[in-house]
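Take a look at the structure below.
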Amino acid sequence: MAGAPARKARPAVRLEVLRKESLTPHMIRIVAGGAGLRDFRPNEFTDAYVKVIFKVPGVEYPEPFDVQRIREELPREHAPRMRTYTVRGYDEAAGELVLDFVVHGDEGLAGPWAQRAQPGDELLLAGPGGAYAPSAEAGWHLLVGDESALPAIATALEALPAGVPAHVFLLVSDQAEHQPLATKADAQVRWLHRSRGDDLVAAVKALPWPSDDVHAFVHGEAGFVRDLRRYLFDERGVARDSVSLSGYWREGKTDEAWREEKAAERKALESA
């Protein structure tokens, strides 16, 4: 009996840090490139994302670095950890890939890495994936998120055609976290601040509804994403294929714990 066909190797994209920039007190931009960028295959999505791969210190990994092979051959505790980041920019001619990292001191895994990163440091990636780009046929666009969704929202704004109406709601810590947002669209941008207790969900619900011909992008902390899911689908009756929704993270949960919770919720929905 013939054996199963050999799995095609999917080596990680191996880049090096070229430079970094502090965008705001809690956002660091990493620009990476090098010879490995030839292995990166961009896609058409404005929420294109990669998995940034972090090796477990002290573990020797087989080469070429293939996450699936590592998971199959090494103990579970040796599996590298991964964090998801939006591709903020890709310039093939310049040989540069741009990722923006939210940082909160020593909290987390990727943020502290970005703070320590120096030119020449290795950056391993898997991907990209993605699912959303603003529809050219929509009458208007609704873009809602927090810091974790800001790179994808900024990229979507840059892609919107001139003059198309867009309403943007962004929740950040305070005014120091504002960033310039370039767009040709007729975009109304509202920044909300946790420091003054602003309510993102209430702000979106207070928007006079322009029309039902909307294409929406709602990403960020799982709590407000859940509330706005109900609002858009149950109260506004927006078609599900006109909305991109994702809880990137959940308050009080590690990334690994949140992924496990999401997988359990998905499995429960599928079996219901």
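The values are calculated or read from the model by the stated rules, or taken from the named source; none is laboratory data. Keep in mind it's a predicted model, so treat the numbers as computed, not measured. Counting neighbours? That spans all protein chains shown, and the Cβs are built from the backbone with ideal geometry, glycine included.
Restricting to the stretch 10-20, and then to whatever is among the basic types (Lys, Arg) and part of a strand (DSSP E or B), can you tell me which residue is surrounded by the fewest Cβ atoms within 10 Å (Cβ to Cβ)?
Step one: list which residues in the stretch 10-20 are among the basic types (Lys, Arg), which gives 10, 14, 19-20.
Next, from what is left, pick out any that are part of a strand (DSSP E or B): 14, 19-20.
Details: Arg14: 19, Arg19: 13, Lys20: 20.
Per the stated criteria, the residue is Arg19.
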Subset of the stretch 127-143 [of a type in the set (A, V, I, L, M) and surrounded by 20 or more Cβ atoms within 10 Å (Cβ to Cβ)]: Leu142, Leu143
Single residue of Val189, Val218, Val214 found to be outside the structural domain of Gly89 (by TED's automatic domain parsing), over 23 Å from Met27 (Cα atoms) and β-branched (Val, Ile, Thr): Val214
First in the stretch 231-249 and more than 14 Å from His141 (Cβ to Cβ), second anywhere and assigned to a loop (DSSP other than H, G, I, E, B) and charged (D, E, K, R), Cβ under 9 Å, 6 or more apart: Arg236/Asp212; Gly237/Asp212; Ala239/Asp212; Ser246/Asp47
Odd one out for Thr86, checked against (1) closer than 16 Å to Ala12 by Cα; (2) surrounded by 20 or more Cβ atoms within 10 Å (Cβ to Cβ); (3) not charged (D, E, K, R): (1)
The one condition in (1) exposed (fewer than 14 other Cβ atoms within 10 Å of the Cβ); (2) without any contact (Cβ under 8 Å) to a residue 24 or more places away in the chain; (3) under 19 Å from Thr24 (Cα atoms); (4) of a type outside the set (Val, Ile, Thr) that Gln118 fails to fulfil: (2)
Residues within the stretch 153-171 that are in contact (Cβ under 8 Å) with a residue 60 or more places away in the chain and under 22 Å from Leu207 (Cα atoms), tallied: 3
